[in-house]
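To start, the structure under review is shown below, and the notes come after it.
No value in this document is a laboratory result; all are computed from the given coordinates. It should be emphasised that the depicted structure is a prediction, and the values quoted were computed from it without experimental measurement. We place every Cβ from the backbone using ideal geometry, glycine too, and count neighbours over all the protein chains shown.
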Amino acid sequence: MIYDRTKAHRVELDCKVVGRSIAAARRSRGFTQKELAEAGGFSWHTVVGWENGVRLPQTRYLGTLANLLRRSLDHLLLQRKRGAKHWKMGTS
């Protein structure tokens, strides 16, 4: 869970929603899974796990991942674009 300041409550992250968000951002930036892994310093299996909704990225990787994919953490984790007042959680 993470704390959403705009709503003043905790938000439970859905691994599958986050995975789809990471995969879409990766494809839009033109990275393969292997290229993203190499650029970020994590394993290819880690990227596959994120994208398949098996696990969430560890906190230590979030900044690197957001920078490489040129997305805010809100966008990657909550599917909320920069400056948006409301967020949406996808459905599995």
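With coordinates expressed along the principal axes, the C-alpha atoms belonging to region 2-78 extend over 37, 23, 21 Å, beginning with the largest.
Between SER28 and THR64, residue separation times 0.36 nm minus the direct Cα-Cα distance comes to 11.3 nm. Compared with the alpha-carbon gap, the fully stretched path from LEU13 to HIS45 is longer by 9.5 nm at 0.36 nm per residue.
Which of the peptides 46-53, 62-69 is most tightly packed, and how do the rest follow, going by the mean number of other Cβ atoms within 10 Å of each residue?
46-53, 62-69
Placing +1 on the Cβ of every Lys and Arg and -1 on the Cβ of every Asp and Glu, with no other charges, gives region 2-78 a dipole of roughly 120 debye about its Cα centre.
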